[in-house]
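The values are calculated or read from the model by the stated rules, or taken from the named source; none is laboratory data. Because the structure is predicted, anything quoted here is derived from the model rather than measured. Here Cβ is always computed from backbone atoms with ideal geometry, including for glycine, and neighbour counts include all displayed protein chains.
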Amino acid sequence: KNQVEQSPQSLIILEGKNCTLQCNYTVSPFSNLRWYKQDTGRGPVSLTIMTFSENTKSNGRYTATLDADTKQSSLHITASQLSDSASYICVVSAKDSSYKLIFGSGTRLLVRP
Amino acid sequence: GAVVSQHPSRVICKSGTSVKIECRSLDFQATTMFWYRQFPKQSLMLMATSNEGSKATYEQGVEKDKFLINHASLTLSTLTVTSAHPEDSSFYICSASTASGNQPQHFGDGTRLSIL
């Protein structure tokens with residue numbers, strides 16, 4: 001069964017600190033892995049998208065890694081800001097006829113001053 | 001960047017009312033549009049996939065007569081919740097893509113539907 005699991009479920013950090021969010025997946029065949037940021041009451045916004053051959057991808061203070069062998073990904077946030085408070089969702093696309101997205105349940109991040 | 005506009009952002013209405021939600025791709029042609037539902041503190045659940053000019057493909061457990069989807073053009077898809085009841089209250093989000101595969105899905109800002 002195709003699944004995406006994220007940890008931790010929630011995280012509280014102080015402004016300026018770094019943090020790392022984890023994502024494990026069992027999706028096969030694998031097409032790509034995406035990280036989205038979702039503010040409360042808003043739609044998800046894409047941060048990164050990585051294919052099988054990509055190990056790391058950065059978008060400003062966000063850096064995503066992918067280990068396709070162990071089927072793990074991480075999202076590292078550097079020098080956190082209050083505006084980073086949001087849910088971060090790991091999404092994996094299966095390489096089938098529909099290319100459906102399989103969503104993780106998200107990590108709720110709260111950055112405190 | 002690609003922009004997807006969703007309207008209305010919030011709807012409050014009485015039980016039995018039908019509600020239409022619009023999803024527009026503002027600066028690109030969306031071959032495929034997706035409709036999701038999200039309950040509090042849960043992730044997005046795909047309801048249906050629609051391709052322009054053809055019937056939508058619904059996920060298992062989603063009533064097609066309850067959630068009517070029309071994708072009449074490459075820039076507009078609509079979701080109509082027919083005879084809505086309190087259990088239909090949720091956050092509905094659309095996304096649009098130029099193609100399947102490695103193309104990103106661009107999400108709208110969602111519609112908060114509250115049925116009294």
>> Tell me the residue from A:S85, A:S46, A:S93, A:S80 that is among the hydroxyl-bearing types (S, T, Y), surrounded by 15 or more Cβ atoms within 10 Å (Cβ to Cβ) and touching a Ser or Thr at 6+ places or on another chain (Cβ under 6 Å), please.
In response: A:S93
> Out of the residues in the range A:38-61 that are part of a strand (DSSP E or B) and within 16 Å of B:A2 (Cβ to Cβ), which is farthest from the other protein chains (Cβ to nearest Cβ)?
Replying inline: A:N59
>> I'm told A:S53 meets every condition in (1) farther than 27 Å from B:S9 by Cα; (2) touching a Pro at 6+ places or on another chain (Cβ under 8 Å); (3) loosely packed, with under 12 Cβ neighbours inside 10 Å except one. Can you identify the failing condition by its number?
In response: (2)
> Among the residues of the range A:4-37, how many are more than 10 Å from chain B (Cβ to nearest Cβ), assigned to a loop (DSSP other than H, G, I, E, B) and within 14 Å of the chain's Cα centre (by Cα)?
Replying inline: 1
> Here are some conditions: (1) within 14 Å of another protein chain (Cβ to nearest Cβ); (2) under 21 Å from B:H106 (Cα atoms). A:S85 meets all but one. Which one does it not meet?
Replying inline: (1)
> Taking into account only those residues within the range B:23-56 that are charged (D, E, K, R) and within 14 Å of chain A (Cβ to nearest Cβ), which is farthest from the chain's Cα centre (by Cα)?
Replying inline: B:K41
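So that you can scan it fast, the table gives a plain yes or no per residue for (1) of a type outside the set (S, T, N, Q); (2) touching a His at 6+ places or on another chain (Cβ under 9 Å); (3) over 28 Å from A:T51 (Cβ atoms):
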{"residue": "B:L44", "(1), (2), (3)": "yes, no, no"}
{"residue": "B:M47", "(1), (2), (3)": "yes, no, no"}
{"residue": "B:S50", "(1), (2), (3)": "no, yes, no"}
{"residue": "B:G61", "(1), (2), (3)": "yes, no, yes"}
{"residue": "B:S90", "(1), (2), (3)": "no, no, yes"}
{"residue": "B:Q105", "(1), (2), (3)": "no, no, no"}
{"residue": "B:G108", "(1), (2), (3)": "yes, yes, no"}
{"residue": "B:S114", "(1), (2), (3)": "no, no, yes"}
> Taking the range B:99-115 as the region of interest, how many residues are at pLDDT 80 or above and more than 8 Å from chain A (Cβ to nearest Cβ)?
Replying inline: 4
